[in-house]
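The values are calculated or read from the model by the stated rules, or taken from the named source; none is laboratory data. Being a predicted model, the structure only gives us computed values, none of them experimental. Cβ coordinates were reconstructed from backbone atoms using ideal geometry, including for glycine residues, and neighbour counts include every protein chain displayed. What goes into the accessible areas is simple: the full protein's heavy atoms, side chains included, and nothing from ligands, DNA or RNA. Shrake-Rupley method; radii C 1.70, N 1.55, O 1.52, S 1.80 Å.
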Amino acid sequence: MNTVSPWTFEAVQLLKTLAQEGMPASVISLKLKRPIADVRAKLNDLGIIPAAEEL
């Protein structure tokens, strides 16, 4: 069962902004306090390719 709350308009806008600023999905997930899989799935739904993870 998914215990993470649904995506709000504000959260989606912040997700888009952070992705456009070149932030990797792992950092976005920390900022939004959401699992990285949820962040990647939402980015995929929106057609946004996240920045590459730094090693």
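Couple of notes before you dig in:
- Proximal charge balance of Arg34 [Cβ under 15 Å; K/R count +1, D/E count -1]: +2
- Probe 1.4 Å, accessible area per residue of the chain, Å²: 73
- Percent carbon-and-sulfur accessible area, the chain, ignoring ligands, DNA and RNA, probe 1.4 Å: 57
- Calculated [θ] (222 nm, deg cm²/dmol) that DSSP helices of n ≥ 4 give over the chain, each run adding -39,500 (n - 2.57): -16500 deg cm²/dmol
- The Cβ shell under 13 Å around Leu14 holds other residues with a net charge of +3, Lys and Arg each +1, Asp and Glu each -1.
- Of the trypsin sites (Lys or Arg not before Pro) found in the chain, those in coil by DSSP whose Cβ has at most 16 other Cβ atoms within 10 Å are Lys33.
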